[in-house]
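One structure below.
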Amino acid sequence: MTLLAVGINYNTAPVSIRERLAFPAEILESSLQELWHLKEISEAAILSTCNRTEFYCKTSTANKQILIDWVAESRNIDPAELTPYLYCHTDSQLIRHMFRVACGLDSMILGEPQILGQMKTAYQAAYEAGTLGKQLGKLFQYTFSAAKKVRTDTAIGSSPVSVAFAAVQLAQQIFDKLSEQTALLIGAGETIELAARHLSQQGIGRIIVANRTYDKAHTLASQFNGYAIALSELPTHLAEADIVISSTASQLPILGKGSVESAIKKRKHKPVFMVDLAVPRDIEAEVEQLRDVYLYTIDDLQNTIDQNMNSRRQAAEQAEEIIDTQVGYFLAWLRSQGAQSTIRDYRHQAEQVRDEALQKALALLKNGTSPEETLSRLAYSLTNKLIHTPSIQIREAGENERHDLVAAAREIFKLKQTQ
């Protein structure tokens, strides 16, 4: 049996290909079962995110073409069109790959934590679809354990490496409780959406989204129980904001010194934290001169991000060492499975001997033999029966000069040298 993975990610395939290979939640269960019912596949799981789609299988053959053909057919893509973008991993390569993915070492943003949650979702989907077996199920468990150890023992996820996250983390340092603050987000693009998500995750009290197109502002605000306004309404609501994060494509500043100064007066000089993530800038540079305003630009944050990325790279080197160890643990577990049938048969044989000896002992008790004599006979009989066959085999091994078997017996039974 072989562990096999086939996949694409942001490095190997453009979004035009990745989106065609996506498996949305509503078809995931049926797709898993279709894959699992292929003759050569006994276990299956599918990881599908915006940056990667990967298929993990336990197969009776290492022939990846069977899996590629199924993927192409299920997503209505010509296999020849798909193949140049694919990568394939088997056995130890696959184990290492899954560990690295879960730890964020294979992500677009080094060390990002979301992928671990996505892998747990993939595991849960396969579990509920009934397509996980012992080996793939255990591999996922080892994967989660490896990722947890990397997160615990290294600093790979401790430093922000996106401007949106860095802005929110800085806000947390300035305000004791984000739950008591109001955030005003100007714009409705990807950066502002990320900022809204991070603020929401950190328990921000209230979110206001301002955008030139009100419908876009409303769509974004509704995701986070926020309030949408048009840009023209900014002067009315600016005084409500404790945190202002702006990222638009405007060629002219949206907030000038005068409007911010007016808002500060309405706030009775309660401090405001402002982050301008736009280029050109959305907030006039002169705003920084106001006493109760803490204004940061994208350059201020970028220096922090560069330092943090270097920190993550160093942590990634530590993570690779941890992964090496964890891969070894799982491979040892896999190897041990080959001996399970022998252990099971040996235990069954010993239990049969035990049951026969016990029945004879019970018969002696019924016939009036004293408990002391019965226990003595039971111990003698059980010992003789358990060592009889191994003793004969070891003697024959010695006679045939099979010193390797004799040495193995001493190791298996942990025998100490007697005088």
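The values are calculated or read from the model by the stated rules, or taken from the named source; none is laboratory data. Model, not experiment: these values are computed from the prediction. Cβ sites come from the backbone with ideal geometry, for glycine too, and all protein chains shown count toward neighbours.
Annotations for the structure displayed:
- Put simply, of Thr297, Thr369 the only residue that is at pLDDT 85 or above and within 30 Å of Leu255 (Cα to Cα) is Thr297.
- One residue stands out in the range 75-84 among those that are aliphatic (A, V, I, L, M) and assigned to a helix (DSSP H, G or I): the one that is surrounded by the most Cβ atoms within 10 Å (Cβ to Cβ), namely Leu82.
- Only one of the listed residues (Tyr127, Tyr85) is modelled with pLDDT of 95 or more, under 29 Å from Leu194 (Cβ atoms) and of a type outside the set (S, T, N, Q). That residue is Tyr85.
- Within the option set Leu67, Leu35, being on the phi < 0 side of the Ramachandran plot, hydrophobic (A, V, I, L, M, F, W, C) and at pLDDT below 95 holds for one residue only, Leu67.
- Taking the criterion of being part of a loop (DSSP other than H, G, I, E, B), farther than 15 Å from Ala13 by Cα and in contact with a strand residue (DSSP E or B) (Cβ under 9 Å, 6 or more places away or on another chain), the residues of the range 38-74 that qualify are Leu38, Glu40, Ser60, Thr61, Ala62, Asn63.
- Identity of the residue in the range 295-336, farther than 30 Å from Gly256 by Cβ and among the β-branched types (Val, Ile, Thr), that ends up surrounded by the most Cβ atoms within 10 Å (Cβ to Cβ): Ile323
- Single match in Leu295, Leu238 (criterion: touching a strand residue (DSSP E or B) at 6+ places or on another chain (Cβ under 9 Å), part of a helix (DSSP H, G or I), within 27 Å of His198 (Cα to Cα) and in contact (Cβ under 8 Å) with a residue 12 or more places away in the chain): Leu238
- Test result for Ser336, of a type in the set (Gly, Ala, Ser) and at pLDDT 90 or above: no
- Residue that is modelled with the lowest pLDDT [pool: residues in the range 1-25 that are assigned to a helix (DSSP H, G or I) and closer than 26 Å to Gln135 by Cα]: Ala25
- Residue in the range 283-292 that is out of contact with any Asp or Glu (no Cβ under 9 Å at 6 or more places or on another chain) and within 17 Å of Leu185 (Cβ to Cβ) present: no
- Subset of the range 81-108 (residues that are more than 16 Å from Val150 (Cα to Cα) and β-branched (Val, Ile, Thr)): Thr83, Thr90
- Which listed residue is part of a loop (DSSP other than H, G, I, E, B), touching a Pro at 6+ places or on another chain (Cβ under 9 Å) and exposed (fewer than 13 other Cβ atoms within 10 Å of the Cβ), from Pro280, Pro253: Pro280
- Selected residue (criterion: surrounded by the most Cβ atoms within 10 Å (Cβ to Cβ)) from residues of the range 150-201 that are among the β-branched types (Val, Ile, Thr) and within 22 Å of Ala221 (Cβ to Cβ): Ile186
- Only listed residue being among the hydrophobic types (A, V, I, L, M, F, W, C) and either in contact with a helix residue (DSSP H, G or I) (Cβ under 6 Å, 6 or more places away or on another chain) or more than 14 Å from Ala167 (Cα to Cα) (or both), chosen from Val272, Val279: Val279
- Checking each residue in the range 119-141 for being surrounded by fewer than 19 Cβ atoms within 10 Å (Cβ to Cβ) and either under 14 Å from the mean Cα position of the chain (by Cα) or not acidic (Asp, Glu) (or both) picks out Lys120, Thr121, Gln124, Tyr127, Gly130, Gly133, Lys134, Gln135, Gly137, Lys138, Gln141.
- The range 52-78, residues that are out of contact with any Leu (no Cβ under 7 Å at 6 or more places or on another chain) and of a type in the set (D, E, K, R): Arg52, Asp69, Glu73, Asp78
- Breaking point among (1) part of a helix (DSSP H, G or I); (2) more than 23 Å from Thr304 (Cβ to Cβ), for Val209: (1)
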